[in-house]
1. In segment 13-93, carbon and sulfur make up what percent of the accessible area (probe 1.4 Å)?
2. What is the Cα coordinate range of segment 22-73 on the first, second and third principal axes, sorted by size from largest, in whole angstrom?
3. Just to check I understand the Karplus step: with θ = phi - 60° and J = 6.51 cos²θ - 1.76 cosθ + 1.60, what whole-Hz values come out for segment 149-159, glycine and proline as x?
4. Starting from the Cα of E155, step 7 Å along the direction of its Cβ; do the same at E67; then give the gap between the two resulting points in nm.
5. Kindly flag which residue pairs out of K2/K45; K2/K79; K27/K95 have an alpha-carbon separation exceeding 19 Å in this structure.
6. List the residues, sorted by chain then number, that are 5 or more residues from A82 or on another chain and whose placed amide H is less than 5 Å from its amide H.
7. Can you order the peptides 134-145, 90-101 by their average number of other Cβ atoms within 10 Å per residue, highest first?
8. Please list 3J(HN,Hα) in residue order for segment 79-84, calculated via the Karplus relation 6.51 cos²θ - 1.76 cosθ + 1.60 where θ = phi - 60°; whole Hz, with x for glycine and proline.
Amino acid sequence: AKTFMCMVNFAYVVALLEIVVAFNYGKTVLFSTDEELASPMLLAKSMNDHEADFLSITPSVVLRLSELPFFKEPIKRIKALAVTGEKLTQQMGEKLSEAIGGTLWIHYGSTEMGQCASFRWRSGEDIRMGHRAEGVKIDLLDENGEEVGPGEEGEIMISGPAADGGYYLNQPELR
């Protein structure tokens, strides 16, 4: 990918993905205007005009955009699509893989941490969380704070050096 389309305010931590990765590899960052974000047609035009080929966005939004006739071309040009911010179902992953012209990356993390675990997804694979970042501890706990077993539901608890101190609630053992 050579042009990263940034669809969030550059001051928002999620924009770090587009900005830092792009600049680190000598790529271009294209910031969407408020007008483009309010108008899918203007956004598609900007992506076409600037040949945007990397996009980080929620799965439901990109799926809705990909169904618009004027968005077919910019979506097909995408070499790397990073989906984040909401649950990605198997059906959504399959549809996105068909819609884009490149690789689908699933990013999972928390805004407060400023980090994410991510992985490349291929059609037909099960949707999973991915690999944790170095130094980060991820637990899946039940309502009593006990680890759950495989296939069981629980709450994701993330801790590590990037965790915001305010989330410890004065519990040093969580640091």
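1. Working: 2590 of 4310 Å².
Carbon and sulfur atoms account for 60 percent of the accessible area of segment 13-93.
2. Principal-axis extents of segment 22-73 (Cα, largest first): 32, 21, 20 Å.
3. For segment 149-159, the Karplus curve yields x, x, x, 8, 7, x, 9, 7, 10, 10, 9 Hz.
4. 3.4 nm
5. Details: K2/K45 17 Å; K2/K79 9 Å; K27/K95 28 Å.
As for pairs spanning more than 19 Å Cα to Cα, those are K27/K95.
6. Residues meeting the amide H criterion: L55, S56, I57, W105.
7. 90-101, 134-145
8. Using θ = phi - 60°, the values come out as 8, 9, 10, 9, 9, 7 Hz.
The values are calculated or read from the model by the stated rules, or taken from the named source; none is laboratory data. Because the structure is a prediction, the values reported are computed rather than measured. All Cβ positions, even for glycine, are placed from backbone atoms using ideal geometry, and neighbour counts span all protein chains on display. Quick note on the areas: whole protein, heavy atoms, side chains included, nothing else; ligands and nucleic acids left out. Shrake-Rupley method; radii C 1.70, N 1.55, O 1.52, S 1.80 Å.
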